[in-house]
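See structure below.
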Amino acid sequence: MSQDFAAPEGASISQQPSLSQQEAFARIRLLRSPNIGPVSYRQLLRRYGNARDALDALPDMGKRGGRQYRPAPVSQIEDEVAATRKAGAKYLFHGTPDYPELLTQIESAPPILTYRGNLALASRPCVAIVGARNSSAAAVKLAREFSASLTQAGLVVVSGLARGIDGAAHQGALPTTIGVIASGIEIAYPPQHAQLQEQVASQGLLLAEQPPGTQPRGSHFPSRNRIIAGLAAGTLVVEAAPKSGSLITARLAGEAGREVMAIPGSPLDSRSQGCNQLIRDGAILVQSADDVVELLSGFDGVARSTFREPEPWAYIAEDSQAEDGLPEDEPARIDNLLTTAPVAVDELIRQSGQSAASVQLALLELEISGLLVRHAGSRVSRAA
């Protein structure tokens, strides 16, 4: 049982005294269980008070959703903890004192991160610098110079350790930089950045949401981008083609109410079209590092850029109490309102005539059963 778990001698799962080793282990197991994402994880903790009781409740919740459910095996989590320790990494849990304040404010803040390096950097004023992998030589030089100037001004530079602009941003900012990766903490991607990733981990801070041993996949990169945007008061796009991952990061920053900035470029260069589009859509035009410092030095949580207003987030209020149980047909009634097209949770509450707590619980049961998919902006859909 997880309650009997003891960390290996000399290892620590939780660095915060407010979280016991047993609860830390249970939280890792809860998050690694099937169909549990950041939103459902937080809702389960809120409903049951701790991860151990939430784990005990999962099989019954799965039955109410119409599926047999088994949480992640204890042995799987023991192996993960051992691998994290072997990599020289530690765990960081949402809701504990060292968790970065700005990151807690985004809708899908990662419940658990692993990290290597100086965690204090994540609580300092941060700026994200992102851009094209296939970047021009001039843009790479500009990103490196901007990063160096921004760190001298007291900002921490956050990026994703990708080729091109990301790599240049880290190089210019070392050691005052945070790298967020889409793989396990011990896996370097791209391989040619292995040395740079190790420099970031040993001199700055390296963060990973995926468990150790996880190879990067396409779906991991948007998840990584939300962390990059969430850590920073503003995101600067140096060079980006249309539909690039950098524009996803900018959009996520805008949705989180952060500053979105872009460096303009020639309309004849496809690698500048993304930045020019951002500026046309309300991002702040930036021409020097001083522009960034001026914009972020006065950041009070209200962005001056008008690029995409934050979308409302729907959660169970902290003081609301979900019912102990639901009628047998409740998940089916909510399920009948769902299609594969995403719909806002608020709309489901209005149309169902149920309380917010009842709808959230029904959605949670459907998600645990693999019948529900969550989307950005507090929207949900039926699983395909």
Residue-ordered couplings for segment 131-139, obtained by feeding phi - 60° into the Karplus form 6.51 cos²θ - 1.76 cosθ + 1.60 and rounding to whole Hz (Gly and Pro as x), are x, 5, 6, 8, 8, 6, 4, 5, 5
GNM of the chain, Cα pairs under 10 angstrom: of R217, R85, R42, the biggest fluctuation goes to R217
Given backbone amide H placed at 1.01 Å from N, residues whose amide H is under 5 Å from that of N134, ignoring those fewer than 5 places away on the same chain, are none
Quick calc, the chain, dipole around Cα centre from Cβ unit charges on Lys, Arg (+) and Asp, Glu (-), nearest 20 debye, gives 980
Net charge (Lys, Arg +1; Asp, Glu -1) of residues whose beta-carbon lies under 10 Å from that of I263, I263 excluded, is -2
About its Cα centre, segment 127-278 carries a charge dipole, from +1 on Lys and Arg Cβ atoms and -1 on Asp and Glu Cβ atoms, whose size in debye to the nearest 20 is 260
With the dipole of the chain defined by +1 on each Lys or Arg Cβ and -1 on each Asp or Glu Cβ, the option from G274, G353, Q152 whose Cα lies farthest towards the positive pole is G274
To the nearest 10 degrees, the tilt of helix 245-255 (Cα long axis) against the first principal axis of the alpha carbons of the chain is 70
Packing-ranked peptide list from 72-81, 109-118, highest mean Cβ count within 10 angstrom first, is 109-118, 72-81
antiparallel share of DSSP beta bridges within the chain, to nearest 5, in %, is 40
Sequence order, segment 335-343: Karplus ³J(HN,Hα) from phi using 6.51 cos²θ - 1.76 cosθ + 1.60, θ = phi - 60°, Hz rounded, Gly and Pro as x, gives 4, 5, 7, 9, 10, 6, 8, x, 9
Rounded to the nearest 500, the 222 nm mean residue ellipticity computed for the chain from DSSP H runs (n ≥ 4, each -39500 (n - 2.57)) alone is -12500 deg cm²/dmol
Sorted by chain and number, the residues with a modelled amide H under 5 Å from that of I112, at a separation of 5 or more or across chains, are H94
Ranked output for segments 167-177, 295-305 by mean other Cβ atoms within 10 Å, highest leading, reads 167-177, 295-305
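Read-outs: derived from the displayed coordinates by stated rules, not from any lab. Just so it is clear, the model here is predicted, and its values are computed rather than measured. FYI the Cβ positions are ideal-geometry reconstructions off the backbone, even for glycines, and counts take in every protein chain you see.
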